[in-house]
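The values are calculated or read from the model by the stated rules, or taken from the named source; none is laboratory data. Note that the structure is a prediction, hence the values are computed from the model and not measured. When we count neighbours, we look across all protein chains shown, and the Cβ atoms used for this are built from the backbone with ideal geometry, even at glycine.
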Amino acid sequence: MRKTVTILVSLLFAASAFAQNAGDEFKASYERQVRNVGYAGVGVETIINRWEAADPDDPYMLLAKHNFNLIKAQSTQVVVKDKRRYLGMEPVLSLKDSLDKDVYYFQEVVYDDDLYAEAIRAIDRAISINDLELRYILSKITALVSYEKESPDMAAAELTAFIDRYTATKDRPWTLDGERVGEDVFLQAVGEYCYSFFQTASDASYDYFFKISQKMSKLYPKDVVFINNQGAYWQAAKKDNKKALRFYKKAIKLDPDDYAANRNIKLIESSQSKKGRSSK
């Protein structure tokens with residue numbers, strides 16, 4: 001079973017053993033403050049500034065700086081859409097307009113560009129110092145996904161570059177929060193980003209979802225997750241159940257008990273059966 005990475009849920013929390021000797025005291029103070037007030041709460045910036053003055057090349061400090069600026073950059077606004085879901089979210093409110101059409105209201109996170117750029121500079125610096133630490137790489141990709149929303153061009157490019165580099169160097173000592181990890185964590189991380197693209201459900205995000213899943217299937221032909229992803233693309237994005245079934249049945253051949261493939265095959269067969277009955 002794969003180790004859960006939860007990159008899209010949690011921005012940070014590393015194990016205490018990840019501290020560098022020179023930054024132990026700052027790291028402990030920072031994590032204690034974050035637990036009490038959050039990533040951008042009162043006092044956090046002061047700790048980061050002192051930490052940076054003492055050790056400007058500590059990559060964990062740069063991760064803290066990234067998280068601080070990323071959270072500070074965020075605000076929310078209500079946007080109006082004519083569709084029932086947006087960025088994978090349900091509306092916070094729905095009303096009828098003057099023509100009795102449904103209008104949906106969504107709460108969307110938006111970013112201050114200057115603070116966001118500062119966050120990206122910090123995480124880029126952390127990656128340049130330790131390019132085998134997954135937390136830094138995944139934090140950057142997650143920030144790009146959140147910022148770009150329906151057009152995740154930079155996020156997809158960064159993810160693709162990460163896949164290429166990891167698969168070319170997977171025998172090197174890759175870590176997550178300072179702990180040596182195996183290929184299962186890499187596969188889990190890529191799978192989570194694919195799921196994020198799928199949930200966004202825009203033309204561009206569906207396209208990247210499909211292309212990255214195709215790429216991963218070529219690299220890992222026995223991994224049913226990425227085979228199922230291609231079936232989901234044809235089923236959800238292209239409404240082509242015939243092509244979707246080819247991938248689900250391919251997944252079943254590799255793993256007869258695979259839940260996703262079995263469930264989607266049943267859904268398609270049920271839909272086809274209902275259409276057949278209604279046409280009589």
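Assorted remarks:
- Condition check for K222: assigned to a helix (DSSP H, G or I) and either surrounded by fewer than 17 Cβ atoms within 10 Å (Cβ to Cβ) or at pLDDT below 95 (or both): no
- Checked against (1) of a type outside the set (F, W, Y); (2) assigned to a helix (DSSP H, G or I); (3) more than 22 Å from E90 (Cα to Cα), E192 passes all but condition (3).
- Some residue of the stretch 55-67 being surrounded by fewer than 22 Cβ atoms within 10 Å (Cβ to Cβ), under 20 Å from the mean Cα position of the chain (by Cα) and either at pLDDT 95 or above or on the phi < 0 side of the Ramachandran plot (or both): no
- Residue check for S75: assigned to a loop (DSSP other than H, G, I, E, B) and more than 30 Å from G178 (Cα to Cα): no
- Single unsatisfied condition, Y233 versus (1) surrounded by fewer than 19 Cβ atoms within 10 Å (Cβ to Cβ); (2) part of a helix (DSSP H, G or I); (3) of a type outside the set (A, V, I, L, M, F, W, C): (1)
- Single condition K211 does not satisfy, out of (1) assigned to a helix (DSSP H, G or I); (2) surrounded by fewer than 21 Cβ atoms within 10 Å (Cβ to Cβ); (3) free of Cβ contacts under 8 Å to residues at least 40 places away in the same chain: (3)
- For S16, the criteria (1) among the hydroxyl-bearing types (S, T, Y); (2) surrounded by 11 or more Cβ atoms within 10 Å (Cβ to Cβ); (3) at pLDDT 90 or above hold in every case but one, which is (3).
- A count restricted to the stretch 87-103 and to residues that are touching a strand residue (DSSP E or B) at 6+ places or on another chain (Cβ under 8 Å), aliphatic (A, V, I, L, M) and either assigned to a strand (DSSP E or B) or loosely packed, with under 10 Cβ neighbours inside 10 Å (or both) stands at 4.
- The one condition in (1) more than 21 Å from the chain's Cα centre (by Cα); (2) surrounded by fewer than 21 Cβ atoms within 10 Å (Cβ to Cβ); (3) within 21 Å of I127 (Cβ to Cβ) that Q33 fails to fulfil: (3)
- Take the conditions (1) under 25 Å from E90 (Cα atoms); (2) without any contact (Cβ under 8 Å) to a residue 60 or more places away in the chain; (3) not in a loop (DSSP other than H, G, I, E, B); K239 misses just one of them, which is (3).
- Matching option when the condition is touching a residue at least 40 places away in the same chain (Cβ under 8 Å), out of contact with any Leu (no Cβ under 6 Å at 6 or more places or on another chain) and closer than 26 Å to T175 by Cα, among D57, D124, D131: D57
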